[in-house]
Amino acid sequence: MGNIFGYCRVSSRDQNEDRQLITMKEMNVPEKNIFIDKQSGKDFDRPQYKKLMRRIKAGDVLYIKSIDRLGRNYRDIQEQWKIITKEKGADIVITDLPLLDTRKNKDLLGTFIADLVLAILSYVSESERCNIRQRQAEGIAAAKARGVHFGPLPRPLPENFGEVYRRWKRKEIPISKAASECGMPQTTFFERARKFGKATFPKL
């Protein structure tokens, strides 16, 4: 009989892995054999996961609470599943979904069903991640259209900006001198001058 391992992952350091650890305890996974990563599941470049992969071998069992704790990239999840179960000869148990327990139904039909369920869930997990990114992008675009500002606020204009702007506008000084007198790069002066002109002299 091989060793029992557990893998937990949360997306950031301020998230809590307690629910996953409770599951590991229920599965009698030794504390020393539980590996926890606190980072995104977009890929498998994770220190604790790599450490786990160096230790796991044929006959071992790996417990994971849900498929999205393993990862979120459809192809990568399938590749890692194959490495663990086929190349290393270990078993995987997804505790939230009994169908994904490679210890059971090792015949051809059982393997086919498990692979099918894994493919569907991996696809759903990645699609959800893509949808979240799309909704975030649409939300940001809508907010910008409403005039919501993102990023740091621009620095206030220097006190002499209005006077320098008027001299530059009347072509009394070149833009290089205007920018220098205001203590900013030429591109910044031009952009601030464009907005200043619209605000000061709006079109009727």
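The values are calculated or read from the model by the stated rules, or taken from the named source; none is laboratory data. Treat the numbers as computed from the prediction; the structure is a model and nothing was measured. Heads up, the Cβs are rebuilt from the backbone with ideal geometry, glycines too, and the neighbour counts pull from every protein chain shown.
Give the residue that is modelled with the lowest pLDDT, with candidates limited to residues of region 170-203 that are loosely packed, with under 13 Cβ neighbours inside 10 Å, of a type in the set (D, E, K, R) and part of a helix (DSSP H, G or I).
Taking the candidates together, the pick is K198.
Could you give every pair whose Cβ atoms fall below 9 Å, whose first residue belongs to region 174-196 and is of a type outside the set (S, T, N, Q), and whose second residue is crowded, with 18+ Cβ neighbours inside 10 Å and not in a helix (DSSP H, G or I), counting only separations of at least 6 or pairs across chains?
R192/M184
Looking only at region 47-63, filter to residues that are over 15 Å from K82 (Cα atoms) and basic (K, R); which one of those is surrounded by the fewest Cβ atoms within 10 Å (Cβ to Cβ)?
So, considering only residues that are over 15 Å from K82 (Cα atoms) and basic (K, R), the one surrounded by the fewest Cβ atoms within 10 Å (Cβ to Cβ) is R54.
Kindly indicate which of T95, T102, T23, T85 is buried (at least 16 other Cβ atoms within 10 Å of the Cβ), of a type outside the set (D, E, K, R) and over 23 Å from I120 (Cα atoms).
T23
It is to be established whether one or more residues within region 53-64 are under 21 Å from the mean Cα position of the chain (by Cα) and of a type in the set (D, E).
no
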